[in-house]
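Note sheet for the following structure.
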Amino acid sequence: MQRVLTAVQMREAEKAAQDQHGMPSGLLMENAGRALAEAARSIAGPGGRFTVLCGPGNNGGDGLVAARFLLEGGARVVVSLVGDTGKLTPEAKRNLQALEGFGESPRAFEVLPEAGPGDVVVDALFGTGLKRAPEGVFADAIGTVARWRRAGAKVVAADVPSGLQSDTAEPFSPCVEADVTVAFGFVKPAHELEPGASLCGDVRRVDIGLGGESTRAVSGAELFRVEEKDARDALPKRRADSHKGTYGHVLVVAGSPGKTGAAAMVALAALRSGAGLVTVATRAEALPWVMAHSPEIMGVPLPGEGPLGKGDLEALKAALEGKDALVMGPGIPRGPETGALIGDLLASVEVPAVLDADALNAVAEDLTVLRRAKGPVLLTPHPGEMARLWGRTTKDVQAHRVGVALNMATSLNVTVVLKGSRTLIAEAGGRVYINPTGNAGMATGGTGDVLSGVCGSLLAQGIPLPRAARTAVYAHGLAGDLMAQQRGLMGLIATDLLVGLGHVWVRWER
């Protein structure tokens, strides 16, 4: 797993490196500036010029170091100090003196030459500590960077693009859009979450000498990025002497007339993800339509008709006998008793349960039913469903994704998968994982049903929560990425992911 640090945590890590491990702050800045210069060189055109814009803080000091390294390499460099030079930090002042030793004095921002194709602009105006929208000369400078980029110049940002909030990934206006962002020491939430991730361009994390030990001193939520190796290594090995019972039996409670496809996609995703057996429990009138999707799907009719309620408890408990995981929610007929039914069911069985779609909408009326669960519970809401669970607006959810997911996981003692661009996996123990796979083509009906099936399948195979959730989310997104290469974003549909999952498993077996 790759650690992701907030602005405060980054400062704590730097202080720990200095106080506990003897790493001078000047050396941290030297290493950051060198990496920034190397990134700028890597995208410059033949004979391209480098324009370095520096603010008065330590981020500007990183830019001054980068300018010095570029000059040492014989590059054509123009440097500008933007803002009040009297506010330069001590390390930035020292590096300004070192730069002037090379005969390069910073120029006024207003008289800088234009930049265009082949040129590189180094944005070192603001770092991770920005708390309000850039104004005055800083806003003018960011606007000029945008104009130069439209003219063909490339932009390299120091740590985060200026104008982007490091912790929330939300941009102020104006905000730099970078081609490359050099993340110093550790990646930040702005590098991993949207819309910040798109503004960062190609994020290149560089070691500046902090070391992994420095993160032991940081406080607050633990945030990580899921890596492919972590997801791949969680999968159980398929033994030669195994049989269908080895890989678990998933019960899928889903579907209703007109929504039988949801149940079928959950079941097929579970089968395509290695489950030995999958049974769908649904109303009798819907069951033949579900099973018609594939002969591998088994079914059990739920007696009665209409919305699921307390009268269905005994039938569902019977259906769960001998099962290893439960997936409940997609397309179910929901009524006033459905939430209570789910609470009673979870309180009576110990199998791991995945709640999605209308199961989430049902328990939103009384979240306390989740605290009665005997077994581990996974919630998989999209932003709209999370808004109903949280009692806020979808806009609020999107603005506070990490905090919302973590609060729900810890307060209810569940694992939460908050779906969307850069899906989050929050665990009750206080950790949040950011998933890097997936694409905009997956914004289509049914992809969430497929994810629920993958989650249920991995749980049935014995992978514990929250590891099963991290693996399922990564594989699901990667399946979408692989299929988008064949279908394109516009043409991607949920059942394409069933094919894509096969490509993922082959890739991971190799």
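I'm trying to understand the selection: among the residues of the range 174-188, which are touching a residue at least 60 places away in the same chain (Cβ under 8 Å) and open to solvent by 20 Å² or more (accessible area, probe 1.4 Å)?
The answer is 179, 186.
Mind counting the residues in the range 147-160 that are over 27 Å from the mean Cα position of the chain (by Cα) and open to solvent by 10 Å² or more (accessible area, probe 1.4 Å)?
Final tally of qualifying residues: 5.
All but one of (1) under 20 Å from residue 233 (Cα atoms); (2) open to solvent by 30 Å² or more (accessible area, probe 1.4 Å); (3) of a type in the set (Phe, Trp, Tyr) hold for residue 390, so report the exception by its number.
Residue 390 satisfies every listed condition except (1).
Residue 13: crowded, with 22+ Cβ neighbours inside 10 Å, touching a helix residue (DSSP H, G or I) at 6+ places or on another chain (Cβ under 8 Å) and at pLDDT below 95, yes or no?
yes
Can you pull out the residues in the range 73-119 that are among the small types (Gly, Ala, Ser), over 24 Å from residue 154 (Cα atoms) and open to solvent by less than 40 Å² (accessible area, probe 1.4 Å)?
92, 98
Each row is one residue, and each column tells you yes or no for (1) farther than 19 Å from residue 419 by Cα; (2) surrounded by fewer than 24 Cβ atoms within 10 Å (Cβ to Cβ).
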residue: 456; (1), (2): no, no
residue: 485; (1), (2): yes, yes
residue: 489; (1), (2): no, yes
residue: 492; (1), (2): no, yes
residue: 507; (1), (2): yes, yes
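Just for the range 494-505: of the residues that are assigned to a helix (DSSP H, G or I) and among the small types (Gly, Ala, Ser), which one is surrounded by the most Cβ atoms within 10 Å (Cβ to Cβ)?
Among residues in the range 494-505 that are assigned to a helix (DSSP H, G or I) and among the small types (Gly, Ala, Ser), the one surrounded by the most Cβ atoms within 10 Å (Cβ to Cβ) is 500.
Restricting to strands (runs of 3 or more DSSP E) lying wholly in the range 392-439: which have 1 or more residues that are closer than 23 Å to residue 369 by Cα, among the small types (Gly, Ala, Ser) and modelled with pLDDT of 95 or more?
Here the list reads 424-426.
Can you find, within the range 196-226, the residue that is nearest to the chain's Cα centre (by Cα) among those that are part of a loop (DSSP other than H, G, I, E, B) and surrounded by 15 or more Cβ atoms within 10 Å (Cβ to Cβ)?
If we take residues in the range 196-226 being part of a loop (DSSP other than H, G, I, E, B) and surrounded by 15 or more Cβ atoms within 10 Å (Cβ to Cβ), then 226 is nearest to the chain's Cα centre (by Cα).
Taking the options 42, 80, name whichever one is polar (S, T, N, Q) and more than 20 Å from residue 162 (Cα to Cα).
42
Would you check which residues across the range 316-358 are touching a residue at least 40 places away in the same chain (Cβ under 8 Å), open to solvent by less than 10 Å² (accessible area, probe 1.4 Å) and under 25 Å from the mean Cα position of the chain (by Cα) and list them?
Selection gives 327, 328, 329, 330, 354, 356.
Name the residues in the range 365-380 that are open to solvent by 30 Å² or more (accessible area, probe 1.4 Å) and part of a loop (DSSP other than H, G, I, E, B), would you?
365, 366, 374, 376
Mind checking which residues of the range 442-454 are among the aliphatic types (A, V, I, L, M), open to solvent by 10 Å² or more (accessible area, probe 1.4 Å) and either on the phi > 0 side of the Ramachandran plot or in a helix (DSSP H, G or I) (or both)?
442 - this is the single residue of the range 442-454 that is among the aliphatic types (A, V, I, L, M), open to solvent by 10 Å² or more (accessible area, probe 1.4 Å) and either on the phi > 0 side of the Ramachandran plot or in a helix (DSSP H, G or I) (or both).
Might you let me know whether the range 172-189 holds any residue that is more than 16 Å from residue 42 (Cβ to Cβ) and in a helix (DSSP H, G or I)?
yes
Identify all residues within the range 362-389 that are closer than 17 Å to residue 446 by Cα and either in contact (Cβ under 8 Å) with a residue 24 or more places away in the chain or in contact with a strand residue (DSSP E or B) (Cβ under 6 Å, 6 or more places away or on another chain) (or both); write none if there are none.
Within the range 362-389, 379, 380, 381, 382, 383, 385 qualify.
Tally up the residues in the range 333-358 that are closer than 15 Å to residue 254 by Cα and in contact with a Pro (Cβ under 8 Å, 6 or more places away or on another chain), please.
Of the residues in the range 333-358, 8 are closer than 15 Å to residue 254 by Cα and in contact with a Pro (Cβ under 8 Å, 6 or more places away or on another chain).
Can you tell me which condition residue 142 does not meet? The list is (1) open to solvent by less than 40 Å² (accessible area, probe 1.4 Å); (2) farther than 22 Å from residue 208 by Cβ; (3) not in a helix (DSSP H, G or I), and all the others hold.
Going through the list (1) open to solvent by less than 40 Å² (accessible area, probe 1.4 Å); (2) farther than 22 Å from residue 208 by Cβ; (3) not in a helix (DSSP H, G or I), residue 142 breaks only (3).
All but one of (1) under 22 Å from residue 28 (Cβ atoms); (2) open to solvent by less than 10 Å² (accessible area, probe 1.4 Å) hold for residue 163, so report the exception by its number.
Residue 163 satisfies every listed condition except (1).
Residue-by-condition table, conditions (1) open to solvent by 30 Å² or more (accessible area, probe 1.4 Å); (2) in contact with a Leu (Cβ under 7 Å, 6 or more places away or on another chain); (3) acidic (Asp, Glu); (4) more than 19 Å from residue 339 (Cβ to Cβ):
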residue: 234; (1), (2), (3), (4): no, no, no, yes
residue: 238; (1), (2), (3), (4): yes, no, no, yes
residue: 241; (1), (2), (3), (4): yes, no, yes, yes
residue: 261; (1), (2), (3), (4): no, no, no, yes
residue: 264; (1), (2), (3), (4): no, no, no, yes
residue: 283; (1), (2), (3), (4): no, yes, no, no
residue: 291; (1), (2), (3), (4): yes, no, no, yes
residue: 294; (1), (2), (3), (4): no, yes, no, yes
residue: 314; (1), (2), (3), (4): yes, no, yes, no
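Assuming residue 431 fulfils every condition listed in (1) open to solvent by 30 Å² or more (accessible area, probe 1.4 Å); (2) without any contact (Cβ under 8 Å) to a residue 60 or more places away in the chain apart from one, which condition is it?
Unmet for residue 431, out of (1) open to solvent by 30 Å² or more (accessible area, probe 1.4 Å); (2) without any contact (Cβ under 8 Å) to a residue 60 or more places away in the chain: (2).
The values are calculated or read from the model by the stated rules, or taken from the named source; none is laboratory data. This structure is a prediction, so every number in the text was calculated from the model and none was measured. Neighbour counts run over all protein chains shown; Cβ positions are idealised from the backbone, glycine included. Accessible surface is based on the protein model in full, side chains and every heavy atom, while ligands, DNA and RNA are left aside. Shrake-Rupley method; radii C 1.70, N 1.55, O 1.52, S 1.80 Å.
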